[in-house]
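A short write-up of the structure that comes next.
The values are calculated or read from the model by the stated rules, or taken from the named source; none is laboratory data. What you see is a predicted model; the values in this text were computed from it and never measured. In this analysis, Cβ positions are derived from the backbone assuming ideal geometry, glycine residues included, and neighbour counts consider all displayed protein chains. Keep in mind that these areas ignore ligands, DNA and RNA; they rest on the heavy atoms of the full protein, side chains included. Shrake-Rupley method; radii C 1.70, N 1.55, O 1.52, S 1.80 Å.
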Amino acid sequence: MTLIPHVPQSEIQQRRKALLSACKANSVIIIPAASEVTRSRDTEYLFRQDSYFWYLTEFNEPDAFLVMSNAANREKNLAMFVRPKDKLAEIWDGRRLGETSAVDRFELDIAYSIDQMKEKLPEWLNEHEHLYFSLGQNERADSLVHAALSACKNSPKNAMTPPSSIFDVNEIIDAMRLIKSENELEVMQQAANISAEAHKRAMRFAQAGKFEYQLEAEILHEFAMNGARAPAYGSIVGSGNNACILHYTENSDALSENDLVLIDAGCELSGYAADITRTFPVSGRFSQAQKALYQIVLDAQLASLDVLKPGATLGEAMQAAVSTICKGLIKLGILKGELDEVIESEKWKSFFMHGIGHYLGLDVHDVGVYKKGGEDIPLGVGTVITIEPGIYISEDEDVDEQYKGIGIRIEDNIVIVENGYKNLTKNAPKTIEEIELLMSN
Ligand code: GLY
Ligand code: MN
Ligand code: MN
């Protein structure tokens, strides 16, 4: 087992500084943590920290608030509200860092108990011209901030002056999160490596009669044994026709000898996601029809990758994939007509109905703007994206019998670098030969 990489606190501090200086002068910033979510009665889902809060703290406790000020001549500029130490609560529900240790760990000017929010938050708003906060994202935070603004506004004899404008802090953080640092890329590479091994493990394990959820278990086992407790999203294991359901997570069917199985799974490591899809034959050998369709998707993926470099756009990558898929499907007689007409008429959307990819980072569908003024935003160095074309021909399609019930997607995680791109997930086999070789051993 390798050491689990994470972003060092020094870089987290840099992020906070960068955020503070990107805000207008005399601003206060409020970033809430996530809260626990009930699964049923007295049990909760595995806690997942809010990505923005994590980005600025790497603190994994629920209900906390980060509060920062860039006002000049303030004694205290960095505070956190955290759950207070509580012997009984800690015996039942787990350890709490508490105020004193929070000050040390995050080099805060002050830490409060979350029980002091009502009293202290108005004081932090007071005499700041601007508030940077993301309204509409976290109901509990919305109501606490609303109450604090109201307390500030209605203070006796106007003793307090609340901010006169509110800006969405996420806009600034999104632009920061879009470009990954060396430390972030190191974590994402490791998440990609673990996830690639998990896909290989599932390929080796697959055989007729095994259940989709058992392949999922193999994937999760590989994640955990390499330091990643949780997947970055619900793993998709779809065999046969199930692969044509884009977000299939039932994972309940048994594998059949002659089917393909599509697995879309990636681990979360130190908060960062991997997002890999591979499609392979249950038997270990592709049929002729499966091979023909698989090769089209692979060629489309390679064509997409080929356009990637600084300044290129996801739209260009999409065009390359669409053109390759249309050519391939015309050749097999699945789409009919001239290439230009088929592309123009969007007939291909019956078989490739999603986009070419998305930003990847702390969120699997990561933050960042895709378009400005209707135009695609050019990809910058340090941006991580997925490239994931697919062909899905469900059993109800009016095509030659041999092509029915086949869903194929190939998805890699790509970082844009100075001279082009780097594939973080190249360890996961994806050519027909590589897959058949791995599965024959
Ligand atoms: N795993 C979700 C996606 O590929 O976008
Ligand atoms: Mn994806
Ligand atoms: Mn995916």
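Remarks
- Computed over the alpha carbons of segment 369-441, Rg followed by Dmax gives 17.4, 52 Å.
- Accessible surface, segment 337-407, averaged per residue in Å² (probe 1.4 Å): 49
- Per-residue surface analysis assigns residue 129 an accessible area of about 100 Å², computed on protein heavy atoms at 1.4 Å probe radius.
- Cα gyration tensor, segment 138-226 - rounded (a/c under 1.5), prolate or oblate: prolate
- The alpha carbon convex hull volume per residue for segment 187-274 rounds to 77 Å³.
- Neighbours of residue 120 by Cβ distance under 13 Å: Lys/Arg scored +1, Asp/Glu scored -1, total -3.
- Looking at segment 242-324, the trypsin sites (Lys or Arg not before Pro) that sit in a DSSP loop and have at most 16 other Cβ atoms within 10 Å of their own Cβ are 285.
- Entries of 349/430; 24/76; 180/349 with Cα pairs more than 26 Å apart: 180/349
- Note on the chain: with a GNM built from Cα contacts shorter than 10 Å, the maximum mean-square fluctuation among 93, 412, 264 falls on 93.
- Most mobile listed residue (366, 299, 109) in the chain, GNM with C-alpha springs under 10 Å: 109
- Per residue, in Å², the accessible surface of segment 1-84 once ligands and nucleic acids are set aside, probe 1.4 Å: 48
- Mean projected area in nm² (Cα convex hull; one quarter of hull surface) for segment 308-441: 10.4
- Fully extending the segment from residue 153 to residue 354 would add 67.6 nm, taking 0.36 nm per residue of separation and subtracting the current Cα-Cα distance.
- Total formal charge among the other residues, if their Cβ is under 12 angstrom from that of residue 151, Lys/Arg +1 and Asp/Glu -1: +1
- Its residues counted as N, segment 1-147 yields a C-alpha radius of gyration over 2.2 N^0.38 Å of 1.08.
- Helical content alone sets the calculated 222 nm signal of the chain at -11500 deg cm²/dmol, taking -39,500 (n - 2.57) per DSSP H segment of four or more residues and averaging over every residue.
- Shape class for segment 63-136: prolate, because the ratio a/c of the largest to smallest gyration tensor axis (alpha-carbon atoms, square roots of eigenvalues) is 1.5 or more and a/b beats b/c.
- Candidates 356, 385, 110: whichever shows maximal mean-square fluctuation once the chain is modelled as a Gaussian network with Cα springs under 10 Å: 110
- The portion of the accessible surface of segment 1-112 made up by carbon and sulfur, rounded to a whole percent, is 50 (1.4 Å probe; DNA, RNA and ligands excluded).
- Between residue 401 and residue 285, the C-beta separation translates, for a Förster distance of 22 Å, into a calculated FRET efficiency of about 0.65.
- Among the protein heavy atoms of segment 290-338, carbon and sulfur supply 53% of the accessible surface, probe 1.4 Å, non-protein parts ignored.
- Taking amide H positions as modeled 1.01 Å from N, with prolines and chain starts lacking one, the residues under 5 Å from residue 335 and 5 or more places away or on another chain are 330.
- Cut-off under 5 Å, modelled amide H: who pairs with residue 112 long-range: 80, 81, 82
- Label point distance in nm, residue 427-residue 225, each placed 7 Å from Cα along Cα→Cβ: 1.4
- Applying 0.36 nm per residue to the separation of residue 87 and residue 140 and subtracting their alpha-carbon distance, the gain on full extension is 16.6 nm.
- Radius, Kirkwood style, for segment 316-358 when every pair of distinct Cα atoms is counted (Å): 10.4
- Surface exposure of segment 147-303, expressed per residue as accessible area with a 1.4 Å probe, stands at 40 Å².
- Per residue Cα convex hull volume in Å³ - calculated over the chain: 174
- Each residue of segment 91-244 gets 215 Å³ once the volume of the Cα convex hull is shared out per residue.
- For segment 141-188, the share of accessible area belonging to carbon and sulfur comes to 56 percent (1.4 Å probe, ligands and nucleic acids excluded).
- For segment 112-122, backbone phi angles converted through the Karplus equation (6.51, -1.76, 1.60; θ = phi - 60°) give residue-by-residue couplings of 10, 6, 5, 5, 9, 4, 4, 7, 8, 4, x Hz, Gly and Pro being listed as x.
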